[in-house]
Amino acid sequence: MTPFARILVGYEPTEQGGDARALGVDLASACGSELQVFEASSSPARALHDAAASTRADLVVVGSSHRGPVGRVLLGSVSERLLSGAPCAVAVAPLGYAGRQSPRLQSILIAFDGSPEAHLALSTACALAARTRGSVRALTVIEPPPATPSEPEPYPGVYAEMPFDELEQLEEHERTVTLEHRESAARASLEWAMKALGNGAEIEHDVIAGEHPASLILDVARGGADLLVLGSRASGPVHRALVGSVSVEVVRHAPCPVLVTPRVGEGHGGAPERDR
């Protein structure tokens, strides 16, 4: 199955427009999709939004802002507005994408957090990889437990008379156990998601603990990802592309194209039911 039947490219006669068109062509070629290039002379974000709705596009592709280093995604007003409510998935091409050498979109990285939106993103990434004969790497960032306090605090009951150094050891042990449980739960969540897909795809999976998930995702992406796939934040209107603070930071500094899948319906664990 193709993840995107209809792809709409937001084009303007600039380098950024050329990047968007090149990414759109690559995705359409991989997916066997119908490709439409749309040029709006005024209010491009609104025009693209309306065009995506009227054509029932499954994906809108845009370029980066004209500012910033080559190879980096930098959000402009059009891409930011689309990522805050487009009626379908949105992909943003980094500056200079059109000049990159083929093959492209071979190594796909997905940020997976176990949410229904992440399940849709995973399904999309696997479908793309199957068509490009590429690979999928899932990355889960978990929050580490709070560090052991530097000063003693009162403990009730049996801990009241325990020396502080022993309390520190106990807290560190509990912190380690909690982190191990979170890592185990993250891996189990991905295994469940893979069984739900039922396509037998092999996925490399990394679980990383850190307080700054956007930075960790970007570090992994810089290791050679051709495409980064993100799920929308888990709140807001369904069937819309919606990015939260972490996703915005990731998109703004991504070294590769970023694809944001839309929100799914309440209680729905797979692809959204489009109003067709």
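Using modelled backbone amide H atoms (1.01 Å from N, in-plane), which distant-in-sequence or interchain residues come within less than 5 Å of Ser135's amide H?
So Ser135 has HN proximity to Ser107, Ile108.
Would you grab the residues whose amide H sits under 5 Å from the one on Ser65? Only those 5+ places off in sequence or on another chain, please, with H modelled 1.01 Å from N.
Leu74, Leu75, Gly76
If one computes P(r) from the Cα atoms of segment 1-62, what percent of pairs lie at distances over 15 Å?
Tail of the P(r) past 15 Å holds 44 percent of the pairs.
Please list 3J(HN,Hα) in residue order for segment 244-261, calculated via the Karplus relation 6.51 cos²θ - 1.76 cosθ + 1.60 where θ = phi - 60°; whole Hz, with x for glycine and proline.
x, 5, 5, 5, 4, 5, 5, 4, 5, 10, 5, x, 8, x, 10, 10, 10, 7
Label points 7 Å out from Cα along the Cβ direction at Ala188 and Arg56: separation in nm?
Each label point is offset 7 Å from its Cα along the Cβ direction, giving 4.1 nm.
So if R0 is 41 Å, what FRET efficiency would Ala209 and Glu80 give, r being the distance between their Cβ atoms, rounded to the nearest 0.05?
0.85
Mind listing the long-range amide H neighbours of Ser33? Cut-off is under 5 Å, sequence gap 5 or more, other chains count too, H placed in the peptide plane at 1.01 Å from N.
Amide H neighbours of Ser33, under 5 Å, 5+ apart: none.
All of the numbers you see were taken from the coordinates with simple rules; none came from a lab. Everything quoted here is computed from the prediction, not taken from an experiment. Cβ coordinates were reconstructed from backbone atoms using ideal geometry, including for glycine residues, and neighbour counts include every protein chain displayed.
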